[in-house]
Amino acid sequence: MKLKTLAIVALVCATACNNKVDTDRVAIRFKAGLAQYVTKATDTSFESGDAISLFAGSPINEVNAKLTANGSALTPAHTIYWGAGQTTASTFEAIYPYNQAYTSARVDFTVAADQSTSEGLKASDFMTASVSSAPSQGAVVLPFRHAMAKLVIKITNETDYAVSAVKMTEICQTLKADGSASNAGTVNACASGSDWQLIVAPQASSPKIVVSTTGGEYKFTGSVDIAAGSRGTIELTIKKDAPVKDEVSFTCTVSDWSEGDKFTFSEVKEGEVKTLTLTEAILPKAYDDNYEATVDGTVFYLNQTADFGSGIQMKKGVGYVANKDAFNSIKSIKLVCRAGKTWTSSCLTLYGGSAVMPSGRISSSDSEGLEFDLSGQNCTFFKLANESGNAVYLDSITIEYE
């Protein structure tokens, strides 16, 4: 059987009416901006897929809307509009990382007690942004700042023992909504080259440091006075003749967190089209209902889609591929059929929209049936589903997006 044109079922009237663009309202665009003290705990920019909680004041009135980062662009999970006829400014507040439980921008935040891994350190980096912006100012730029403080411990080791762990005790881990620090306890630090790092609530306190080595523990005591967005550097020396049980005093030198480590963004230019291609290399070797794969920082759901040696194989009736992380704007989806396989008309259905697992059916395709045109449809999510009675075999799925 020769390759047939992919026939896509046309939109019914009800679907078309539901997807009508509201021409009386203007969608808000969001971007991440630079503030004085902005660096992430483990990176120098937002990573694609990082999620942020947004709160917008009157007349927009959004409570904990989810924004997803892609370079400097921040894409909302659903379209957020300026108020009808709005000309005055609204207040926008944002919190990183996103938490669906937040009901306002005034929240308590507690760092991870175990920051010995980069994941624990990164999860402790609480950032906030607040800005007043009007429709006439274009995209709303959210200038993020650190709400927490970073401590860097530098160790000069004069012993024959290797340092295996560093922890700080009697240090406050929680920043309360009123700006006070609480919850004094123990935080395990993360090794960063020859240094050790941890993130804590801004505070003035007298903590202790325990350095574990293969030859025993070395203990230090001192004071810290660190504000939000500041970095305290503590220099310690462990000596061969120092009794393990004795505590040695330390001092803390404070600087800006951003010193020597600026936060930068990979700017996503409006109109600049990028491509991302999915191949069999990302697939499991057996059908799975809950499989996820990451390509260029974007997470995809691969439901009942696997590689059995014939490319991207989508199980008949149930197989689908969908993006979990939002794109800024999807322009097209291009498919390449597996060589030697027969393309059956109407075997795939493409859905697009502004929410994960969209239900709005896309009806356009090129003359060969292997390309879907989504330009002008403001789709940030797609779902490519095999709802037919035939298995589908593809070499690749390429997404063009801004």
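The values are calculated or read from the model by the stated rules, or taken from the named source; none is laboratory data. Since this is a predicted model, take the numbers as computed values, not measurements. Backbone-built Cβ (ideal geometry, glycine too); neighbour counts: all protein chains shown.
Just one of (1) assigned to a loop (DSSP other than H, G, I, E, B); (2) in contact with a His (Cβ under 9 Å, 6 or more places away or on another chain) fails for Thr159. It is (2). Among the residues making up segment 116-154, a single one is surrounded by fewer than 17 Cβ atoms within 10 Å (Cβ to Cβ), touching a residue at least 40 places away in the same chain (Cβ under 8 Å), closer than 28 Å to Val210 by Cα and under 17 Å from the mean Cα position of the chain (by Cα): Ser118.
Look at (1) touching a residue at least 40 places away in the same chain (Cβ under 8 Å); (2) surrounded by fewer than 21 Cβ atoms within 10 Å (Cβ to Cβ) and you find that Lys219 fails only one, number (1).
Of all residues in segment 192-209, which are farther than 14 Å from Thr156 by Cα and in a strand (DSSP E or B)? Result: Ser192, Gln197, Leu198, Ile199, Val200, Gln203, Ala204, Ser205, Lys208, Ile209. When segment 332-371 is filtered for residues that are modelled with pLDDT of 85 or more, under 23 Å from Glu280 (Cβ atoms) and assigned to a strand (DSSP E or B), the ones remaining, listed by number, are Ser332, Ile333, Lys334, Leu335, Val336, Cys337, Thr349, Leu350, Tyr351. Scan segment 282-293 and tell me whether some residue there is closer than 24 Å to Gly376 by Cβ and more than 23 Å from the chain's Cα centre (by Cα). Checked segment 282-293: no residue is closer than 24 Å to Gly376 by Cβ and more than 23 Å from the chain's Cα centre (by Cα). Selection of segment 294-309 for residues being over 14 Å from the mean Cα position of the chain (by Cα) and surrounded by fewer than 15 Cβ atoms within 10 Å (Cβ to Cβ) yields Phe308, Gly309.
Among the candidates Lys331, Lys315, Lys341, the residue that is in the same structural domain as Phe300 (by TED's automatic domain parsing), closer than 20 Å to Asp296 by Cβ and of a type in the set (D, E, K, R) is uniquely Lys331. Across segment 21-35, the qualifying residues are those that are more than 29 Å from Asp296 (Cα to Cα) and either touching a strand residue (DSSP E or B) at 6+ places or on another chain (Cβ under 8 Å) or surrounded by 15 or more Cβ atoms within 10 Å (Cβ to Cβ) (or both), and the one among them that is modelled with the highest pLDDT is Val26. Among the aliphatic types (A, V, I, L, M), under 25 Å from Phe382 (Cβ atoms), within 16 Å of the chain's Cα centre (by Cα) and at pLDDT 85 or above: is that true of Ala51 in this structure? Spelling it out, Ala51 is indeed among the aliphatic types (A, V, I, L, M), under 25 Å from Phe382 (Cβ atoms), within 16 Å of the chain's Cα centre (by Cα) and at pLDDT 85 or above. Note on segment 54-74: among residues that are under 13 Å from Thr380 (Cβ atoms) and modelled with pLDDT of 90 or more, the one that is farthest from the chain's Cα centre (by Cα) is Lys66.
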